[in-house]
1. Quick one: is R86 basic (K, R) and surrounded by 18 or more Cβ atoms within 10 Å (Cβ to Cβ)?
2. Scanning for something under 22 Å from V77 (Cβ atoms), part of a strand (DSSP E or B), among the polar types (S, T, N, Q) and at pLDDT 95 or above, does region 10-20 turn up at least one residue?
3. Identify the residue in region 227-254 that is part of a loop (DSSP other than H, G, I, E, B) and in contact with a helix residue (DSSP H, G or I) (Cβ under 6 Å, 6 or more places away or on another chain) and, among all such residues, is farthest from K163 (Cα to Cα).
4. Could you list, in sequence order, the residues of region 60-87 that are part of a helix (DSSP H, G or I) and either over 27 Å from K31 (Cβ atoms) or without any contact (Cβ under 8 Å) to a residue 60 or more places away in the chain (or both)?
5. What tally of residues in region 169-186 results from selecting those that are free of Cβ contacts under 8 Å to residues at least 12 places away in the same chain and either part of a strand (DSSP E or B) or not β-branched (V, I, T) (or both)?
6. What do you reckon, is A92 in contact with an Asp or Glu (Cβ under 9 Å, 6 or more places away or on another chain) and closer than 30 Å to M255 by Cα?
7. Where the second residue is assigned to a strand (DSSP E or B) and of a type in the set (S, T, Y) and the first is free of Cβ contacts under 8 Å to residues at least 60 places away in the same chain and under 20 Å from M133 (Cβ atoms) and lies in region 234-250, which pairs have Cβ atoms under 8 Å and are six or more apart or on separate chains?
8. When you scan region 183-192, do you find a residue that is within 24 Å of G251 (Cβ to Cβ), at pLDDT below 95 and among the aliphatic types (A, V, I, L, M), even just one?
Amino acid sequence: MTVDDDVSGKVVIVTGATRGIGKGLALHLAKGGAHVVVTGRKPERLEAMADELDALGVEHLAMTSNVADRQGCGDLVAATVERFGRVDGLVANAQTFRSVTPLEDVTEGDMDLLYDTGPKGTLWLMQAVFPHMRDQGWGRIVTMGSNGALNGAAGYGPYVASKEAIRGLTRVAAREWGRHGIVVNCVCPVSVAHRTPPTDDPKRAEIFAATFANQPIARDGDAEDDIAPIVTFLLSDACRYMTGQTLMADGGAIMLH
């Protein structure tokens, strides 16, 4: 790393960090010297993640958290500041997922779940870190969109809508908070990234295979080695002049549409 993209000593919250993309991001940041705060909803997975961070000798805080709980988001940030004295970065990664559902069959409950854990949860977290980042005149927020959301992936209506709402919030936060030294950007992996090819869901299996069939880099991205370096850049000083942007961490898949 150069001095500009070094995150050593930075305090970064990564939500949904017990598996998949979130876990890869947290491990990469920890290996880069960041103090990480990791969250998850299942205590056993969170404990296993904490053990991995302990093995790396990394200063960290592990907390169970549900991003749909606004008070819980505030408590998470308060605990981070109490432990480390500040918060420098937020990666709002956690979001609940729903299986393939035709648009005509989407229920109110489907929409509520995806919005409560997606754009609303992201907003609660951004609001919670804002005063701390504002007061220190420096902050980095990374939200998570989706390649599938930009392409209007069939069968994923609530997910697509929620991810595009997150991108909208990202741009508003970037515009309002840039004067405080806070930059806010969105990363979009491929929508099926880091999920094992399904064997019991033919529709998802078909989507999974089609996703990589003609992709310029014809494989799924690795959370720690492919996606995390992009996020690390967005959490560093090197990103001082980029904000409100969407970065496609999708192996070029966006060009296929």
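The values are calculated or read from the model by the stated rules, or taken from the named source; none is laboratory data. The structure displayed is predicted, hence computed values, not measured ones. As a convention, Cβ positions derive from the backbone with ideal geometry for all residues, glycine included, and neighbour counts pool all protein chains shown.
1. No: the conditions fail for R86.
2. No, there is no match, as no residue in region 10-20 is under 22 Å from V77 (Cβ atoms), part of a strand (DSSP E or B), among the polar types (S, T, N, Q) and at pLDDT 95 or above.
3. The selected residue is T243.
4. So in region 60-87, the residues part of a helix (DSSP H, G or I) come out as 70-84.
R70, Q71, G72, C73, G74, D75, A78, A79, V81, E82, R83 - these are the residues of region 60-87 that are part of a helix (DSSP H, G or I) and either over 27 Å from K31 (Cβ atoms) or without any contact (Cβ under 8 Å) to a residue 60 or more places away in the chain (or both).
5. At the first step, the residues of region 169-186 found to be free of Cβ contacts under 8 Å to residues at least 12 places away in the same chain are 172, 176, 179.
Applying the additional criterion that residues be either part of a strand (DSSP E or B) or not β-branched (V, I, T) (or both) yields 176, 179.
Total meeting the criteria: 2.
6. In short, no.
7. If the second residue must be assigned to a strand (DSSP E or B) and of a type in the set (S, T, Y), no pairs are left.
8. yes
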